[in-house]
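Read through the structure below, which is laid out as structure tokens, and then see the notes.
The values are calculated or read from the model by the stated rules, or taken from the named source; none is laboratory data. If you're wondering where the values come from, they're calculated on a predicted model, not measured in any experiment. FYI the Cβ positions are ideal-geometry reconstructions off the backbone, even for glycines, and counts take in every protein chain you see.
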Amino acid sequence: MFSHKKAQKAQKMNLTRAAEYIYDAVLTLAYPQICVICGQSVEQRRFGVVCETCWKGTRIFTDEEGICLKCGAPDQERCGRCEELAFTAARAAGSYEGALRESVLLLKRQPYVPRHIETLLTEVARRELLSRSTRVIPVPLHPKRLRTRGFNQASIIGHTVSKALALPLDEVSLVRVSITEKYRAGMDTKGRRDTVAGAFRVACPRLIAGEDILLVDDVFTTGATVSACAEALINSGAGNVFVLTVARAR
Ligand SMILES: [Zn+2]
Ligand SMILES: [Zn+2]
């Protein structure tokens, strides 16, 4: 009985996948998507605005080997720059370059996460330690900025991740109380940390007490923003704060 159900489920999955391919093919014919990097046609919608070849040229972090265990910096087991950051661990799908960079830039203009990014993010979130998360919280925007921008890209990522991992999405507990200046080029880690320090506040401590938070954002640069969020969350009773981003800028 059980295996019969399993077989039915597998068949259903295959049908869904087949339907996706057909959908891809039809969409590609009707609205050809041109790769924003190389100009070739993007043959599968799940790749978003970048073709498969350009995706292959983008660095994806496939395992935990040789990365900083805390902040996820590649090629350095202990980066020596993340001791003061307040989160437990941070991981990204890959480097802020090529396909990931283009996808992040697009996400600032369109509230849509391509299937391939969803798959990459889910894979990262299912690895230790992030797999211990019990609740998804996107890095919030200040309400004023939300009004001018229309949507919060971290929230779009949060919706996707929460659905894929079947974890509750929490957009009420953490709020942004000050509008921080856009990062100025050349601003160092300390400068960035000072700008966002105290920018976040926990509005519903009851909801996050003892929870292991999966904090999501688009890009990890110095870690100052997610660290300020983590500090507020931990000070209000959260257990661990794990950070998940689409890309890592350094
Ligand atoms: Zn391309
Ligand atoms: Zn580190």
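A few points about this structure:
- Test: residue in region 92-114 that is more than 16 Å from ligand 1 (Cβ to nearest atom), more than 21 Å from Thr160 (Cβ to Cβ) and either at pLDDT 95 or above or not in a loop (DSSP other than H, G, I, E, B) (or both): no
- Per-region count, region 37-54, residues within 8 Å of ligand 1 (Cβ to nearest atom) and touching a residue at least 24 places away in the same chain (Cβ under 8 Å): 3
- Residue match in region 44-62 (condition: of a type outside the set (Lys, Arg), within 16 Å of ligand 2 (Cβ to nearest atom), within 18 Å of Phe220 (Cβ to Cβ) and out of contact with any strand residue (DSSP E or B) (no Cβ under 6 Å at 6 or more places or on another chain)): no
- Yes/no for Gly39 being exposed (fewer than 13 other Cβ atoms within 10 Å of the Cβ) and either touching a Gly at 6+ places or on another chain (Cβ under 9 Å) or on the phi > 0 side of the Ramachandran plot (or both): yes
- Among residues of region 50-59, those that are part of a loop (DSSP other than H, G, I, E, B) and surrounded by fewer than 19 Cβ atoms within 10 Å (Cβ to Cβ), counted: 2
- Looking across region 55-84, just one residue is within 16 Å of ligand 1 (Cβ to nearest atom), in contact with a Leu (Cβ under 7 Å, 6 or more places away or on another chain) and not hydroxyl-bearing (Ser, Thr, Tyr), and that is Ile60.
- The residues of region 158-191 that are at pLDDT 85 or above, charged (D, E, K, R) and not in a helix (DSSP H, G or I), listed by number, are Asp170, Glu171, Arg176.
- Once region 12-36 is narrowed to residues that are in a loop (DSSP other than H, G, I, E, B) and in contact (Cβ under 8 Å) with a residue 12 or more places away in the chain, the residue that is farthest from ligand 1 (Cβ to nearest atom) is Gln33.
- Subset of region 77-116 [more than 22 Å from Val241 (Cα to Cα) and either within 12 Å of ligand 2 (Cβ to nearest atom) or in contact with a Ser or Thr (Cβ under 7 Å, 6 or more places away or on another chain) (or both)]: Glu97, Gly98, Ala99, Leu100, Val113, Pro114
- Pair list, Cβ under 6 Å, 6 or more apart: region 187-210 residue small (Gly, Ala, Ser), other residue loosely packed, with under 15 Cβ neighbours inside 10 Å and at pLDDT 70 or above: Ala199/Ser178; Ala209/Gly237
- Filtered by the rule that a residue be of a type in the set (S, T, N, Q), in contact with a helix residue (DSSP H, G or I) (Cβ under 7 Å, 6 or more places away or on another chain) and modelled with pLDDT of 95 or more, region 41-83 gives a lone residue, Thr58.
- Restricting region 147-157 to residues that are β-branched (Val, Ile, Thr) and modelled with pLDDT of 95 or more, the residue that is surrounded by the most Cβ atoms within 10 Å (Cβ to Cβ): Ile157
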